[in-house]
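J.: Can you keep this structure in mind? I'll have questions shortly.
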Amino acid sequence: ATLNVGVSQKTIDELHKIKGYKPTQEYVLYNGVDTQKFYKQKMKKDSNTFTVGCIGNFWETKDQLTLIKAFHHFIKQNNITDATLKLIGKGTTLETCKEYVNKNNLQDQILFLNFFKVMV
């Protein structure tokens with residue numbers, strides 16, 4: 001990844017415990033989004049696919065379903081075919097998120113990955 005964003009320093013510290021983890025850049029972004037700092041801009045891509053990743057428990061308070069819907073809206077409104085959302089985690093809202101992805105035929109753009117398979 002070009003940039004790893006953690007919701008706390010503890011999240012970043014946990015990533016450092018993973019064998020083979022070699023971050024290029026890291027940033028702690030506490031809950032909330034500053035729209036003055038985050039806006040659409042032209043980027044140089046290192047590959048043909050832009051990837052968004054999210055690691056976390058699938059709980060109502062984390063609300064990955066909103067992220068999935070926002071990603072869906074973004075790729076649909078902008079006719080984007082070279083973007084992927086990868087989600088890693090487990091929890092009570094995981095099945096609801098998978099149902100949304102299946103219902104909207106987003107299986108090629110939104111992937112649910114098994115934590116242990118990713119780390120091997």
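J.: Answer yes or no: is there a residue in the range 32-47 that is open to solvent by 80 Å² or more (accessible area, probe 1.4 Å), part of a strand (DSSP E or B), out of contact with any Leu (no Cβ under 6 Å at 6 or more places or on another chain) and at pLDDT below 90. Don't jump to the end; show me each part of the working.
T.: Of the residues in the range 32-47, the ones open to solvent by 80 Å² or more (accessible area, probe 1.4 Å) are 33, 35-46.
With the extra rule that they be part of a strand (DSSP E or B), the set shrinks to none.
Scanning the range 32-47, I find no residue that is open to solvent by 80 Å² or more (accessible area, probe 1.4 Å), part of a strand (DSSP E or B), out of contact with any Leu (no Cβ under 6 Å at 6 or more places or on another chain) and at pLDDT below 90, so the answer is no.
J.: Still on this structure: Mind checking which residues of the range 1-31 are at pLDDT below 70 and loosely packed, with under 10 Cβ neighbours inside 10 Å? Spell out the reasoning first.
T.: Here is the first cut: in the range 1-31, the residues at pLDDT below 70 are 1, 31.
Scanning the range 1-31 gives a single hit, 31.
J.: Quick one: is residue 96 at pLDDT 90 or above, out of contact with any His (no Cβ under 7 Å at 6 or more places or on another chain), polar (S, T, N, Q) and surrounded by 13 or more Cβ atoms within 10 Å (Cβ to Cβ)?
T.: Yes; evaluated as a whole, the condition is true for this residue.
J.: Further, regarding this structure: Quick one: in the range 67-93, which of the residues that are farther than 17 Å from residue 51 by Cα and open to solvent by 60 Å² or more (accessible area, probe 1.4 Å) is modelled with the highest pLDDT?
T.: Among those that are farther than 17 Å from residue 51 by Cα and open to solvent by 60 Å² or more (accessible area, probe 1.4 Å), it is 92.
J.: Criterion first (open to solvent by 30 Å² or more (accessible area, probe 1.4 Å), more than 14 Å from the chain's Cα centre (by Cα) and basic (Lys, Arg)) does residue 62 satisfy it?
T.: So residue 62 fails the test.
The values are calculated or read from the model by the stated rules, or taken from the named source; none is laboratory data. Model, not experiment: these values are computed from the prediction. Backbone-built Cβ (ideal geometry, glycine too); neighbour counts: all protein chains shown. Accessible surface is based on the protein model in full, side chains and every heavy atom, while ligands, DNA and RNA are left aside. Shrake-Rupley method; radii C 1.70, N 1.55, O 1.52, S 1.80 Å.
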